[in-house]
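Sharing a structure below in structure tokens format, with a few things to ask.
The values are calculated or read from the model by the stated rules, or taken from the named source; none is laboratory data. Since the model is a prediction, treat every value here as computed from it, not as a measurement. Positions of Cβ are generated from backbone atoms using ideal geometry, with glycine treated the same way; all protein chains shown enter the neighbour counts. Side chains included, ligands, DNA and RNA excluded: accessible areas come from the protein's heavy atoms. Shrake-Rupley method; radii C 1.70, N 1.55, O 1.52, S 1.80 Å.
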Amino acid sequence: LLASFAVLLHRYSGQNDVVVGSPVANRQDPALEHLIGYFSNALVMRVVVDPEQSFSDHLRQVRGTALDAYRHLEVPFEQLTIDVASQHSLNHPPVFQVMFALQNAPSRAHAFPGIETELLRDEQPRVRLDLELYAWQRDHKLELCWVYNRDLFDPWRIEQMAGHFQGLLKSICADSNARLQYLEMISAHERQTILYEWNQTAVYYRKACVHHLFEEHAARTPNAVAAEFEGRRLTYGELDGRANQLGHYLRKLGVGPDVRVGACMDRGLELLVVLLGVLKAGGAYVPLDPGYPAERLNFMIADSGTQMLLTQSGKGPGLSSNNLHVLALDAEWHRITQEPQYLPGGDFDPQNLAYLIYTSGSTGRPKGVAVEHRQVCNQLFWAGDALTLGPADCVLQKASFSFDASILEIFLPLACGARTAIAKPGGERDIDYLLQLAIDKSVSYVDLAPSLLDALLEHPLIEQWATLRVISSGAETLKPGVVASFYQKLSAELWNTYGPTETTVQSTYTKCLPGALVVPIGKAVANTSLYVLDGCLEPVPAGVSGELYIGGAGVARGYWNRAALTSGKFIADHFSEVPGKRMYRTGDLVRWLPDGNLEFLGRADHQVKLRGFRIELGEIEAALRAHDEVVDAIVKVQERGNVQQLIGYVVARQPEAEASLALSESLRKALQGSLPAHMVPGVIAVLSSWPLTPNGKIDRRALPAPEEEQRGEQRGARTVEEEVMCAVFAGVLGVERVGIDDNFFELGGHSLLAARLVSR
């Protein structure tokens with residue numbers, strides 16, 4: 001039973017090293033049998049679960065563990081605690097938090113002459129640990145009693161765990177030589193529910209390309225306003241005509257199906273013309289944010305094989321590649337306007353590439369995700385239906401087009417006949433400007449990261465946003481407190497969404513409810529399948545953590561020029577009945593809730609999501625290691641107060657204090673030249689060596705908090721005003737103290753915190 005219970009705990013926790021406590025009567029000496037008193041002791045059973053091992057071998061291993069433990073019955077558990085866990089947390093019991101016992105106390109009451117007796121059971125046992133399992137053998141049956149901490153477990157979870165334990169025992173009895181990973185735990189009904197019933201998302205959408213959806217509205221309502229920017233506007237007819245002219249022009253220059261065209265432009269009306277023009281020519285656009293370092297942009301140009309770059313005067317210096325044709329549209333527009341305004345025509349296939357968008361890469365270089373028209377159209381059809389967007393709506397466009405959050409902001413309103421209000425370059429970092437723009441333009445739909453939403457809700461103007469209907473929040477964990485604040489201040493709907501770039505923007509969605517203790521990421525969007533799997537690619541039951549795999553119509557073509565990486569992350573969907581279907585391995589840990597919604601738990605690797613950006617820490621670490629004075633580097637996210645920031649740790653060749661300060665500054669400047677601003681750590685700590693675990697591995701948990709001294713000499717406040725200001729800065733940044741010469745951004749500050757700082 002202990003061996004089986006260890007397998008159950010392994011399945012539920014994902015841990016291979018399981019520690020279980022077991023009580024013993026500790027009355028080995030016959031002289032103790034007639035004494036009244038408490039002699040009981042706790043033994044610690046440490047079980048290593050190897051999924052590749054057969055249950056019979058696992059059982060022999062556990063038997064050996066138990067016999068070894070019984071040889072030390074008389075060692076008091078309290079002494080063991082002092083020896084090995086003297087510094088244990090007060091949040092949970094020391095050494096073990098789960099107990100198992102096979103009870104051998106008499107199951108029948110003692111008989112006394114002339115007296116009727118019965119056994120009394122403790123119907124409300126005292127909870128001492130997180131989870132306790134007691135077993136009795138009664139009348140040739142096995143009776144189990146589960147005792148649990150209600151602050152940690154819901155009743156349905158324990159009932160489910162008991163059912164899974166029963167299923168596991170049946171599977172073991174059927175074949176005790178089966179490998180642990182193949183032992184069945186969930187029932188056929190439960191498997192049917194989580195694999196198929198919760199994935200009933202099939203919706204018929206017609207085949208189309210992205211620009212076709214826009215063209216239909218341009219033909220139907222040519223005089224309707226399509227987009228507004230800085231006092232200028234374009235109607236659907238005007239935007240269609242200009243995009244057609246650019247499409248004809250690009251066709252003459254050789255743009256066609258799957259031809260990649262780079263676009264390095266600021267946000268504005270011209271960018272809409274460029275993106276639609278590239279698609280109308282049959283090509284695929286490669287977004288190149290002009291705010292990125294030239295080194296990063298040049299890599300993306302070379303890696304994507306882009307031979308044509310559409311830009312604006314002054315935006316292209318420093319960008320180069322073999323045979324790159326740079327076209328400054330503002331200087332070339334007089335030639336483009338000579339082209340006809342009717343549709344370029346041509347053979348368009350929904351399987352053609354629509355865009356190639358680059359994300360952070362774990363190898364130190366960004367990787368391109370190739371997305372086709374059919375995947376984008378499925379997203380647009382679903383979002384239009386789910387959000388009920390139409391001509392009366394206005395969508396705020398404020399995301400950089402280098403991120404897939406821009407796809408819905410740009411193309412969804414154009415596909416629904418709605419109006420787009422475009423924020424000025426840099427405006428996405430100015431909360432005052434964004435909120436005023438939304439109010440002035442009667443914006444009804446906006447997509448916000450939770451951190452930006454939280455900052456907006458603090459703004460005194462937020463309650464004047466009367467036209468708001470829907471806010472979609474994603475890319476970060478949405479906290480219940482933000483949801484509660486939203487519904488207190490606004491009468492609109494708040495949707496929580498989730499989706500990696502590799503599965504085309506959004507894969508799950510749910511309407512948030514006020515008062516919920518957990519904010520799920522929801523259920524699958526149309527024509528999408530969600531699988532929560534263990535390390536053997538088998539489904540895990542509701543309530544159990546597993547890795548999320550996503551299948552269906554949103555799965556991208558793959559990574560550009562990364563065949564090995566594509567084959568490792570885009571794998572065969574063996575749950576689909578359609579041959580050739582694939583699913584994407586997200587690396588995100590989730591669990592099913594009883595109603596079929598998903599709860600997000602975190603990452604299985606070192607990728608993080610920070611302020612709406614998905615960041616591979618490996619790319620930052622590779623950039624740090626490239627410095628001549630750095631031996632090794634680690635980057636992690638640290639939360640100070642309510643502030644999350646990137647912290648870089650490096651082992652330096654010369655870790656002296658003076659050299660450390662100079663190296664930190666040198667590293668920050670080097671990173672700013674190769675990485676986007678959101679990937680540059682707020683603090684870089686210089687160490688002489690890594691903290692290590694007992695087996696010699698780097699102990700990431702033991703990495704020290706960045707020392708105040710690493711910021712150099714701090715001048716304190718000299719006046720009451722400076723004292724108040726330093727206290728406000730420290731409170732917003734979540735640091736102990738701030739000197740008058742400290743740099744807000746070097747302490748982890750960013751645009752959203754700056755807005756909060758101003759309001760305070």
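Suppose every Lys and Arg Cβ carries +1 and every Asp and Glu Cβ carries -1, with no other charges. What dipole size does the stretch 278-395 come out with about its Cα centre, to the nearest 20 debye?
Details: 7 positive and 11 negative charges, 61 e Å.
Using only the charged Cβ atoms, the result is roughly 300 debye.
Leaving ligands, DNA and RNA out of it, report the carbon-plus-sulfur percent of the accessible area of the stretch 483-581 at a 1.4 Å probe.
Ligands and nucleic acids excluded, carbon and sulfur give 56 percent.
I've got another one for you. I'd like the FRET efficiency for residue 295 and residue 110, computed as 1/(1 + (r/R0)^6) with the beta carbon distance as r and R0 of 56 Å, rounded to 0.05. Mind dumping the intermediate values first?
Details: r = 84 Å, r/R0 = 1.50.
After rounding to 0.05, the efficiency reads 0.10.
I'd like the Kirkwood hydrodynamic radius of the stretch 243-311, using the inverse of the mean 1/r over distinct C-alpha pairs, in Å.
Roughly 12.0 Å, rounded to one decimal.
Starting from the residue with the highest accessible area, list 84, 47 in decreasing order, probe 1.4 Å.
84, 47
Taking amide H positions as placed 1.01 Å from N in the peptide plane, with prolines and chain starts having none, which residues 5 or more places from residue 353, or on another chain, fall under 5 Å of its amide H?
Under 5 Å from the amide H of residue 353 lie the amide H atoms of 258, each far enough along the sequence or on another chain.
Leaving ligands, DNA and RNA out of it, rank 182, 70, 487 by accessible area with a 1.4 Å probe, largest first.
182, 70, 487
Using DSSP to call loops (not H, G, I, E or B), can you name the trypsin sites (Lys or Arg not before Pro) in the stretch 155-233 whose Cβ has at most 16 other Cβ atoms within 10 angstrom? Before the final figure, lay out each step's value.
On the way: sites: 157, 170, 179, 191, 206, 207, 220, 232, 233; in loops: 206, 207.
Taking the stretch 155-233 and a limit of 16 other Cβ atoms within 10 Å, the loop trypsin sites (Lys or Arg not before Pro) found are 206, 207.
From the Cα gyration tensor of the stretch 319-423, with a ≥ b ≥ c the square roots of its eigenvalues, which class applies: rounded if a/c is under 1.5, or else prolate if a/b is larger than b/c, or else oblate?
On the way: a/c = 1.58, a/b = 1.14, b/c = 1.39.
Taking the square roots of the gyration eigenvalues as a ≥ b ≥ c, the stretch 319-423 is oblate.
Apply the Karplus curve 6.51 cos²θ - 1.76 cosθ + 1.60, θ = phi - 60°, to the phi angles in the stretch 498-514 and return the couplings in whole Hz, x for Gly and Pro.
Running phi through 6.51 cos²θ - 1.76 cosθ + 1.60 with θ = phi - 60° gives 8, x, x, 4, 5, 10, 6, 6, 10, 10, 9, 7, 7, 7, 6, 10, x Hz.
Oh, and also: Gain in length, residue 83 to residue 28, computed as 0.36 nm per residue apart minus the alpha-carbon separation, to one decimal in nm?
17.3 nm
Pairing the Cα long axis of helix 236-252 with the longest principal axis of the chain, what angle in degrees results, from 0 to 90 and rounded to the nearest 10?
80
Going by accessible area, probe 1.4 Å, with all protein chains left in place, what is the ranking of 601, 32, 414, largest first?
From most accessible down to least: 601, 32, 414.
Skip the ligands, DNA and RNA, and give the accessible area per residue of the chain with a 1.4 Å probe, whole Å².
47
Using a 1.4 Å probe, how large is the accessible area of residue 511, given in Å² and rounded to the nearest 10?
So the heavy atoms of residue 511 present about 90 Å² to solvent.
While we're here: Nearest 10 degrees, 0 to 90: what angle lies between the long axis of helix 294-304 and the longest principal axis of the chain (Cα atoms)?
90
Here's another thing I want to ask about it. Please give the solvent-accessible surface of residue 562 in Å², to the nearest 10, using a probe radius of 1.4 Å with every protein chain present.
50
Dipole magnitude of the stretch 196-330 about its Cα centre, charges +1 at Lys/Arg Cβ and -1 at Asp/Glu Cβ only, in debye to the nearest 20?
Roughly 340 debye for the stretch 196-330.
Now for a separate question. Exactly which GluC sites (Glu not before Pro) in the stretch 223-329 are in a DSSP loop and have at most 13 other Cβ atoms within 10 Å? Provide the component values of the computation, followed by the final result.
On the way: sites: 228, 230, 238, 270, 295; in loops: 230.
Those satisfying the criteria are 230.
How many percent of the accessible area of the stretch 195-236 is carbon or sulfur, using a 1.4 Å probe?
Answer for the stretch 195-236: carbon and sulfur cover 51 percent of the accessible area.
Moving on. Any lysines with Cα under 30 Å of the residue 489 Cα? List them, leaving off those in the same chain fewer than 8 positions away.
The qualifying lysines are 398, 424, 441, 479, 511, 523, 609.
How about the stretch 1-106: which trypsin sites (Lys or Arg not before Pro) there lie in a loop by DSSP and see at most 13 other Cβ atoms within 10 Å?
Here the trypsin sites (Lys or Arg not before Pro) that fit, given the DSSP loop and packing criteria, are 71.
Could you order the peptides 352-358, 336-342 from most to least packed, using the average number of other C-beta atoms within 10 Å per residue?
Highest-to-lowest ranking by the protection proxy: 352-358, 336-342.
Right, something else. Return the sequence-ordered ³J(HN,Hα) values of the stretch 26-32 in whole Hz as given by the Karplus equation 6.51 cos²θ - 1.76 cosθ + 1.60 applied to θ = phi - 60°, using x for Gly and Pro.
Per residue, the Karplus-derived 3J(HN,Hα) values read 6, 10, 5, 6, x, 5, 8 Hz.
Give me, ordered by chain and number, the residues 5 or more places off residue 631 or on other chains with an amide H under 5 Å from its own placed amide H.
HN-HN under 5 Å from residue 631: 651, 652, 653.
In addition: Round to the nearest 10 and give me the degree value, 0 to 90, for the angle of helix 55-70's Cα axis relative to the longest principal axis of the chain.
The answer is roughly 60 degrees.
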